[in-house]
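Take a look at the structure below.
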Amino acid sequence: QCPVVHGKEAVWATTRNLMKSCWLLGYLGLARREMAENEALSRRQKVLTIDTMNANIKKVEYAVRGPIVQRAVQIEKELKEGVKKPFNEVIKANIGDAHAMGQRPVTFFRQVLALCSYPELLDDDKFPEDTKYRAQRILKACGGSSIGAYTASQGIECVRQDVSRYIERRDGGVPCDPDNIYLTTGASDGIVTMLKLLTAGEGRTRTGVMIPIPQYPLYSAAIAELGAVQLNYYLDEDKCWGLDISELQRSLQAASKHCNPRVLCIINPGNPTGQVQSRERIEDVIRFAAKERLFLMADEVYQDNVYAEGCKFYSFKKVLYEMGPEYFNTVELASFHSTSKCYMGECGMRGGYMEVINMDSEVKAQLTKLVSVRLCPPVPGQALMALVTNSPQPGEPSHAQFLKERTATLGDLAQKAKLTEEILNTVPGIRCNPVQGAMYSFPQITLPERAIREAKEKGQAPDMFYCMKLLEETGICLVPGSGFGQKEGTYHFRMTILPPADKLKILLSKVKEFHQRFTKCYS
Amino acid sequence: MTENSVVHRGKVLTLGTMNPSVKRVEYAVRGPIVQRAVQLEQELKQGIQKPFTEVIKANIGDCHAMGQQPITFFRQVLALCCYPDLLEDNRFPEDTKTRARRILQACGGGSLGSYSASQGIEIVRQDVARYIEKRDGGIPCNPDNIYLTTGASDGITTMLKLLVSGEGSSRTGVMISIPQYPLYSAALAELSAVQISYYLDEENCWSLAVGELQHALEAARQYCRPRVLCIINPGNPTGQVQSRQCIEDVIKFAAEQNLFLMADEVYQDNVYADGCRFHSFKKVLFEMGSKYSDQVELVSFHSTSKCYMGECGFRAGYMEVVNMDPEVKVQLTKLVSVRLCPPVPGQVLLDLVVNPPLPEEPSYRTFFEERSATLAMLAEKARMTQQILNEVPGITCNPVQGAMYTFPRIQLPPKAIAQAKEKGQAPDMFYCMKLLEETGICLVPGSGFGQRDGTYHFRMTILPPTDKLKIVLAKIKEFHQSFTEQYS
């Protein structure tokens, strides 16, 4: 509405009105801008979305703790809330977690760890002398005599020395330089660090990494995350998961066209397959790696878990040495060990080491630099590794009990390995290779066509379909073979042999029942 | 060539064939100067004569190594958890046993040796959430947003990994403070992300100015896609404790510029200066209202390595994710599952840190005394360090408001700078190396953390015991004067 103009006063009135209008318009503009900002803020995409995140991470899978385990955890919660199920407990036979399944820790280890945690206990009579001696030795090697201090990034020096002496003893005197030992946060840490160092190139020159199928899915996960190229070589199920050099050759040849194969990984004793490689086979692999210029990564975390008659653990390093200087002085090898398996089962401590053989000295400097960024591995795990590699000797007060506990645990595992193989092989449609070592059975299951079809309709791997049903009907959590890799058209599951023997028997009979029911249902 | 089929060729893994990103990684806190210090220690052990009788490692924030005592309560519970037979032992107060039993019950098979859930033991995450709620005056914290980690470094690296994507000019850019804690630059180099440096203002006690953030961001937009803003508060190496206003400004900036905020708060109990106070990024965010608290993506990090605990060797920590996209969170959960779980002793320790003895409990008195004494001692050493260094002509030291370090500026004579450059050494590295060789004191040159061109610094911890610290500071004073004279 136009104000009426009447002289000076009117001019002033007009100006005032104009100013008011301007102010009003300005205010509205500001308000509108703020509203738009708010809307923009609320409407706007997040910074970190499935589309903007690291693409490699999306490709990572880890079946051992994947969807079936998430469902198992959910069911556990439902049980706790009182929801009715055809079972009253979930049995997690999906993961190599010995203590969770009732295996007892070794007394000596826990006594020393307690002493290291709270050194006031050194004046307590309930601890035998050898535990105190070990604790004092470890504490002396720690800054301020505390396991709370950072250690050298490569690991406490006296522990690396213990590890190298252990390796020398194990390998019948083959020399081991403590400077080639790196303590790690579990073996997984060392494996990932080595793969990281080895991954280079682009497109057709990108690093190719040969891994066994079936494999422990840390390898495929790490390869996916690093954007390296996964090269599968198939273990032979008909030959007790044996390794065939011609298969390595085939895999390598196929690979050379699209990547730069640089690494050969082997797990011995095997996971999930449990096979223990013969000495000849190990020699063959070393020869192959030497000829084809591959960096050898030997995952030996199950080295004490050998059960079958006629099977023996041969360390890659020892065999390499015994093949003569031609090989021993040239083949680049990294061997991995851990406190999580064997008779210790101390998974939660995240203790481990790797030994590097024939590593280029400049690369070694890079490796040392790389591990320094994360400061050091957890000190309780380092202390534990010292004890594992320097356990009570005959004559020491703790020796008798230590030997008893270790023997009992390993004996128990051997028995359960046999039991598992036997029972599963009585089930029509389940075929289980001998569990020669490690902690798992990986039987092949025959699935009816109808079941396979239904699974595919659901977009599920057939063995996942099977395992999910098993979980829902019995509370038993296993991991489908598709999580580890298997020959096209075959199906498996991985089950640990860890539950206590009586529970294991029940488990196996339920699996048997389920399989028969499932087969009938889908015929 | 030999008779066998094995031909001696070059190695498979060489400097030329290895991962090039790893070659770009540097980490000064354990870099060349520390390697030389370790060598000197070995030479001393062998009886070689030196102008000093011991090497003093003032390079790293390692409290226990410098004589700080662990908290009794923590170590008692840890011992009980390691060896539960001790639950029968009368020397342990009831509250330690209650804590131990509760934790063991939450572990598979009642053992610390079992793997835990990959995100961390559930009751520990619940305790962490309650701690955060108490600390932040009741602002809710969902335990499901808590991830336990292997030290804070693990969480920081994992988040950066998730955030890095794109190629060329759309490659993720990450804003970090200069000076910074070199985990950040190392992680960025390894991930081939783009480092975007923003300078803290030395003239203003290392404060942060939004104008500087703006300036750095704008320049960076030319060659990368800035996505992340990292801030360390209290700061490392600089020790500044950001004001509440500054934190608000940073949050506003992150909101307006679409940046994912990473707040490294591992020194949250280490605040010494009058008038300074720790304000958590989360708390400030929520007090700014839903406009911000509903939107800004934030991750906060904490650890058991610093504060009054100093339990570096346990490698324990946590991160809290706020407003994370649920699909991304699923990916994060999946990613951490591959490494199974963080070390369980560390998870136990963290539980005790966030759930310490209460006033009515038997261990409270000792706990409170130990904690107060440790923090007071650090405050005193912070003050003393600043005071003594400021007496040295050619050394200017900003107040050590918090954290565990001093980062003084040192004047270097042009002759020294020239000689350093001839040797291909950063001038402050040249200075620190000489200091090490002459006095046995190991510090880290400012070039390892970043600094404005033409300025030189060193980082020294305030951790040695008071009397030793006095000696160290006196020696540095002497050295600086003789160095200045020598190169005049």
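Determine whether the stretch B:155-170 contains at least one residue that is in a strand (DSSP E or B), open to solvent by less than 30 Å² (accessible area, probe 1.4 Å) and of a type in the set (Ser, Thr, Tyr).
First, the residues of the stretch B:155-170 that are in a strand (DSSP E or B): none.
The answer is no, given that none of the residues of the stretch B:155-170 is in a strand (DSSP E or B), open to solvent by less than 30 Å² (accessible area, probe 1.4 Å) and of a type in the set (Ser, Thr, Tyr).
Exactly one condition in (1) within 14 Å of chain A (Cβ to nearest Cβ); (2) outside any loop (DSSP other than H, G, I, E, B); (3) under 23 Å from residue B:158 (Cα atoms) is not met by residue B:282; state its number.
Against the list (1) within 14 Å of chain A (Cβ to nearest Cβ); (2) outside any loop (DSSP other than H, G, I, E, B); (3) under 23 Å from residue B:158 (Cα atoms), residue B:282 comes up short only on (1).
Which of the residues spanning the stretch B:384-441 are open to solvent by less than 10 Å² (accessible area, probe 1.4 Å), in a helix (DSSP H, G or I) and under 22 Å from residue B:51 (Cβ atoms)?
B:389, B:416, B:420, B:428, B:430, B:431, B:432, B:435, B:436
Hey, can you tell me all the residues within the stretch A:452-500 that are surrounded by fewer than 21 Cβ atoms within 10 Å (Cβ to Cβ), over 22 Å from residue A:70 (Cβ atoms) and hydrophobic (A, V, I, L, M, F, W, C)?
Matches in the stretch A:452-500: A:452 only.
Out of (1) within 14 Å of chain A (Cβ to nearest Cβ); (2) free of Cβ contacts under 8 Å to residues at least 40 places away in the same chain; (3) open to solvent by less than 10 Å² (accessible area, probe 1.4 Å), the odd one out for residue B:256 is which?
Single failed check for residue B:256: (3).
Do we find that residue B:50 is farther than 18 Å from residue B:313 by Cβ and more than 8 Å from chain A (Cβ to nearest Cβ) in this structure? Steps first, please.
Numbers: farther than 18 Å from residue B:313 by Cβ: yes; more than 8 Å from chain A (Cβ to nearest Cβ): yes.
Yes.
Could you check the stretch A:45-68 and list, in sequence order, the residues that are open to solvent by 70 Å² or more (accessible area, probe 1.4 Å), polar (S, T, N, Q) and touching a residue at least 60 places away in the same chain (Cβ under 8 Å)?
If the condition is that a residue be open to solvent by 70 Å² or more (accessible area, probe 1.4 Å), polar (S, T, N, Q) and touching a residue at least 60 places away in the same chain (Cβ under 8 Å), then no residue fits.
Within the stretch A:377-387, identify whether any single residue is within 13 Å of chain B (Cβ to nearest Cβ), in a loop (DSSP other than H, G, I, E, B), touching a Gly at 6+ places or on another chain (Cβ under 9 Å) and crowded, with 20+ Cβ neighbours inside 10 Å, and answer yes or no.
The answer is yes, given that some residue of the stretch A:377-387 is within 13 Å of chain B (Cβ to nearest Cβ), in a loop (DSSP other than H, G, I, E, B), touching a Gly at 6+ places or on another chain (Cβ under 9 Å) and crowded, with 20+ Cβ neighbours inside 10 Å.
Could you please find all residues in the stretch B:132-154 being assigned to a helix (DSSP H, G or I) and acidic (Asp, Glu)?
Filtering the stretch B:132-154 for residues assigned to a helix (DSSP H, G or I) gives B:132-135, B:143-145, B:151-154.
Result: B:133, B:144, B:154.
Does residue B:434 qualify as being of a type in the set (D, E, K, R), within 20 Å of residue B:478 (Cβ to Cβ) and out of contact with any Lys or Arg (no Cβ under 8 Å at 6 or more places or on another chain)?
On the way: of a type in the set (D, E, K, R): yes; within 20 Å of residue B:478 (Cβ to Cβ): yes; out of contact with any Lys or Arg (no Cβ under 8 Å at 6 or more places or on another chain): yes.
It is true that residue B:434 is of a type in the set (D, E, K, R), within 20 Å of residue B:478 (Cβ to Cβ) and out of contact with any Lys or Arg (no Cβ under 8 Å at 6 or more places or on another chain).
Return yes or no: is residue A:38 within 30 Å of residue B:261 (Cα to Cα), at pLDDT below 95, at the interface with chain B (Cβ under 7 Å from one of its Cβ atoms) and open to solvent by 10 Å² or more (accessible area, probe 1.4 Å)? It would help to see each step written out before you state the result.
Values: within 30 Å of residue B:261 (Cα to Cα): yes; at pLDDT below 95: yes; at the interface with chain B (Cβ under 7 Å from one of its Cβ atoms): yes; open to solvent by 10 Å² or more (accessible area, probe 1.4 Å): yes.
Yes, satisfied.
Quick one: which residue in B:202, B:190 is over 25 Å from residue A:49 (Cβ atoms), in contact (Cβ under 8 Å) with a residue 24 or more places away in the chain and more than 16 Å from the chain's Cα centre (by Cα)?
Values: B:190 fails: over 25 Å from residue A:49 (Cβ atoms).
On inspection, the qualifying residue turns out to be B:202.
Search the stretch A:286-336 for residues being over 27 Å from residue A:186 (Cβ atoms) and of a type in the set (D, E, K, R), and hand back the single one that is farthest from the other protein chains (Cβ to nearest Cβ). Spell out how you get there, then give the answer.
First, the residues of the stretch A:286-336 that are over 27 Å from residue A:186 (Cβ atoms): A:287-288, A:290-293, A:309-310, A:322-330.
With the extra rule that they be of a type in the set (D, E, K, R), the set shrinks to A:287, A:291-293, A:309, A:322, A:326.
Numbers: A:287: 8, A:291: 6, A:292: 10, A:293: 5, A:309: 30, A:322: 15, A:326: 5 Å.
Across the stretch A:286-336, the extreme among qualifying residues is A:309.
Of the conditions (1) away from every other protein chain (no Cβ under 11 Å); (2) in a helix (DSSP H, G or I); (3) crowded, with 24+ Cβ neighbours inside 10 Å, residue B:234 satisfies every one except a single condition; which number is it?
(2)
Are any of the residues in the stretch A:101-119 charged (D, E, K, R), in a loop (DSSP other than H, G, I, E, B) and surrounded by fewer than 17 Cβ atoms within 10 Å (Cβ to Cβ)? Lay out the reasoning, then the answer.
Going residue by residue through the stretch A:101-119, those that are charged (D, E, K, R) are A:104, A:110.
Keeping just the survivors that are in a loop (DSSP other than H, G, I, E, B) gives A:104.
Next, only the ones that are surrounded by fewer than 17 Cβ atoms within 10 Å (Cβ to Cβ) stay: A:104.
Among the residues of the stretch A:101-119, at least one is charged (D, E, K, R), in a loop (DSSP other than H, G, I, E, B) and surrounded by fewer than 17 Cβ atoms within 10 Å (Cβ to Cβ), which makes the answer yes.
I need a count of the residues in the stretch B:279-292 that are of a type outside the set (Lys, Arg) and surrounded by fewer than 19 Cβ atoms within 10 Å (Cβ to Cβ).
Looking only at the stretch B:279-292, we keep the residues that are of a type outside the set (Lys, Arg), and these are B:279-281, B:284-290, B:292.
Checking which are surrounded by fewer than 19 Cβ atoms within 10 Å (Cβ to Cβ) leaves us with B:287-290.
Number satisfying all stated conditions: 4.
Hey, among the residues in the stretch B:24-36 that are in a helix (DSSP H, G or I) and crowded, with 19+ Cβ neighbours inside 10 Å, which one's farthest from the other protein chains (Cβ to nearest Cβ)?
Going through the stretch B:24-36, the residues in a helix (DSSP H, G or I) turn out to be B:24, B:28-30, B:32-36.
Now narrow it down to the ones that are crowded, with 19+ Cβ neighbours inside 10 Å: B:28-30, B:33-34.
Working: B:28: 10, B:29: 8, B:30: 4, B:33: 12, B:34: 9 Å.
Within the stretch B:24-36, the match that is farthest from the other protein chains (Cβ to nearest Cβ) is B:33.
Quick one: is residue B:244 under 24 Å from residue A:49 (Cα atoms), open to solvent by 10 Å² or more (accessible area, probe 1.4 Å) and touching a residue at least 24 places away in the same chain (Cβ under 8 Å)? Let's see the steps before the verdict.
Details: under 24 Å from residue A:49 (Cα atoms): no; open to solvent by 10 Å² or more (accessible area, probe 1.4 Å): yes; touching a residue at least 24 places away in the same chain (Cβ under 8 Å): yes.
Judged against the criteria, residue B:244 is not a match.
Taking the stretch A:352-363 as the search range and keeping residues that are at the interface with another protein chain (Cβ under 9 Å from one of its Cβ atoms) and in contact (Cβ under 8 Å) with a residue 60 or more places away in the chain, which one is surrounded by the most Cβ atoms within 10 Å (Cβ to Cβ)?
Looking only at the stretch A:352-363, we keep the residues that are at the interface with another protein chain (Cβ under 9 Å from one of its Cβ atoms), and these are A:358-360, A:362-363.
Okay, now just the ones that are also in contact (Cβ under 8 Å) with a residue 60 or more places away in the chain, so A:359, A:363.
Numbers: A:359: 22, A:363: 24.
If we take residues in the stretch A:352-363 being at the interface with another protein chain (Cβ under 9 Å from one of its Cβ atoms) and in contact (Cβ under 8 Å) with a residue 60 or more places away in the chain, then A:363 is surrounded by the most Cβ atoms within 10 Å (Cβ to Cβ).
Can you tell me which residues in the stretch B:330-355 are open to solvent by less than 30 Å² (accessible area, probe 1.4 Å) and either β-branched (Val, Ile, Thr) or part of a loop (DSSP other than H, G, I, E, B) (or both)?
B:338, B:340, B:341, B:342, B:343, B:344, B:348, B:353, B:354
In the stretch B:324-339, what count of residues is obtained for those that are under 24 Å from the mean Cα position of the chain (by Cα) and not polar (S, T, N, Q)?
Residues flagged as under 24 Å from the mean Cα position of the chain (by Cα) and not polar (S, T, N, Q) within the stretch B:324-339 amount to 5.
Can you find a residue in the stretch B:4-12 that is modelled with pLDDT of 95 or more, open to solvent by 30 Å² or more (accessible area, probe 1.4 Å) and either more than 8 Å from chain A (Cβ to nearest Cβ) or more than 30 Å from residue B:192 (Cβ to Cβ) (or both)?
no
Taking the stretch A:96-135 on its own, how many of its residues are among the small types (Gly, Ala, Ser), more than 7 Å from chain B (Cβ to nearest Cβ) and within 23 Å of the chain's Cα centre (by Cα)? Full working, then the answer.
As a first pass, look at the stretch A:96-135 and keep what is among the small types (Gly, Ala, Ser): A:96, A:98, A:100, A:102, A:114, A:117, A:135.
Next, only the ones that are more than 7 Å from chain B (Cβ to nearest Cβ) stay: A:96, A:98, A:135.
Adding the requirement that they be within 23 Å of the chain's Cα centre (by Cα) leaves A:96, A:98.
The qualifying residues number 2.
Can you find a residue that is crowded, with 20+ Cβ neighbours inside 10 Å, over 18 Å from the mean Cα position of the chain (by Cα) and part of a helix (DSSP H, G or I) anywhere in the stretch B:260-274?
No - not one qualifying residue is present in the stretch B:260-274.
Going by what's in this entry, would residue B:304 be described as at the interface with chain A (Cβ under 10 Å from one of its Cβ atoms), within 24 Å of the chain's Cα centre (by Cα), buried (at least 20 other Cβ atoms within 10 Å of the Cβ) and of a type in the set (Val, Ile, Thr)? It would help to see each step written out before you state the result.
Working: at the interface with chain A (Cβ under 10 Å from one of its Cβ atoms): yes; within 24 Å of the chain's Cα centre (by Cα): yes; buried (at least 20 other Cβ atoms within 10 Å of the Cβ): yes; of a type in the set (Val, Ile, Thr): yes.
For residue B:304, the condition - at the interface with chain A (Cβ under 10 Å from one of its Cβ atoms), within 24 Å of the chain's Cα centre (by Cα), buried (at least 20 other Cβ atoms within 10 Å of the Cβ) and of a type in the set (Val, Ile, Thr) - is met.
Determine which member of the set A:104, A:165, A:71 is touching a residue at least 24 places away in the same chain (Cβ under 8 Å), under 20 Å from residue A:350 (Cα atoms) and charged (D, E, K, R). Lay out the reasoning, then the answer.
Working: A:165 fails: under 20 Å from residue A:350 (Cα atoms); A:71 fails: under 20 Å from residue A:350 (Cα atoms).
Answer to the selection: A:104.
With the requirement that a residue be within 13 Å of chain A (Cβ to nearest Cβ), in a helix (DSSP H, G or I), under 27 Å from residue A:95 (Cα atoms) and open to solvent by less than 40 Å² (accessible area, probe 1.4 Å), what does the stretch B:84-131 give you?
Across the stretch B:84-131, the qualifying residues are B:100, B:103, B:104, B:108, B:110, B:124.
Give me the helices (runs of 4 or more DSSP H) completely within the stretch A:397-487, filtered to those with at least 2 residues that are of a type in the set (Val, Ile, Thr), ordered by residue number.
Details: elements: A:399-424, A:449-457, A:462-474.
Correct list: A:399-424.
The values are calculated or read from the model by the stated rules, or taken from the named source; none is laboratory data. Since the structure is predicted, the reported quantities are computational estimates derived from the model, not experimental observations. We place every Cβ from the backbone using ideal geometry, glycine too, and count neighbours over all the protein chains shown. For accessibility, only protein heavy atoms count, side chains too; no ligands or nucleic acids. Shrake-Rupley method; radii C 1.70, N 1.55, O 1.52, S 1.80 Å.
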